[in-house]
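Novice: If you scroll down you'll find the structure; I have some questions about it.
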Amino acid sequence: MRSLSYFLISILLVILIGSCKKNNDNGVPNTTVDIYIYANNPSFIDINVPGGWVYITGGARGILVYRKSTSEFMAYDRNCTYQSADACAIVNVDATNIIAIDTCCHSKFSIYDGSVLQAPAGLPLKAYNTTFDGNVLHIYN
């Protein structure tokens, strides 16, 4: 009976220790993001139409903002999710304007939804929350 108690306690400890792992969103460092972008600002003319995108300062290695539709935006950290601590693990939008590539590991991601298009990355780009009221885009976590 005593060995059963030790066994159950051991199982509980393994479960508790395993559930306490740090959540760092796809290996990308957690940073506070609370950014407001005014749509009529000439600096953001590239996101005035669906399919447009811009890079902005923020997040771990910068943020890629993509306008998905007239009312919906996506915002991703530019830090690649594969070997995210590498200094060169930064994604850039390629000439197609729909794919972000990490030139270090050659992973490819869709800027439409952040999903992985080509390994070695196995996790999507870290996405931030967005709200848009018709004039102001709020990017936050």
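A short reminder: the numbers here are calculations on the coordinates, not readings from a lab. No experiment lies behind these values; they were computed from the predicted model shown. So basically every Cβ, Gly included, is an ideal-geometry build from the backbone, and we count neighbours across all protein chains shown.
Novice: Just one of Val65, Val49, Val91, Val116 is under 19 Å from Thr31 (Cβ atoms), without any contact (Cβ under 8 Å) to a residue 60 or more places away in the chain and either of a type outside the set (Phe, Trp, Tyr) or touching a helix residue (DSSP H, G or I) at 6+ places or on another chain (Cβ under 6 Å) (or both); which is it? Spell out the reasoning first.
Specialist: On the way: Val65 fails: without any contact (Cβ under 8 Å) to a residue 60 or more places away in the chain; Val49 fails: under 19 Å from Thr31 (Cβ atoms); Val116 fails: under 19 Å from Thr31 (Cβ atoms).
Matching residue, one of Val65, Val49, Val91, Val116: Val91.
Rundown of residues vs (1) surrounded by 15 or more Cβ atoms within 10 Å (Cβ to Cβ); (2) farther than 23 Å from Thr32 by Cβ, yes/no style:
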residue: Val93; (1), (2): yes, yes
residue: Ile99; (1), (2): yes, yes
residue: His106; (1), (2): no, yes
residue: Tyr112; (1), (2): no, yes
residue: Ser115; (1), (2): no, yes
residue: Ala127; (1), (2): yes, no
residue: Thr130; (1), (2): yes, no
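Novice: Filtering the stretch 107-139 down to residues that are assigned to a loop (DSSP other than H, G, I, E, B) and among the aliphatic types (A, V, I, L, M), which residue is farthest from Ala75 (Cα to Cα)? Full working, then the answer.
Specialist: Within the stretch 107-139, the subset assigned to a loop (DSSP other than H, G, I, E, B) is 107, 111-115, 119-126, 133-135.
The next check asks that each one be among the aliphatic types (A, V, I, L, M); those that pass are 111, 119, 121, 123, 125.
Values: Ile111: 9, Ala119: 21, Ala121: 19, Leu123: 16, Leu125: 9 Å.
Within the stretch 107-139, the match that is farthest from Ala75 (Cα to Cα) is Ala119.
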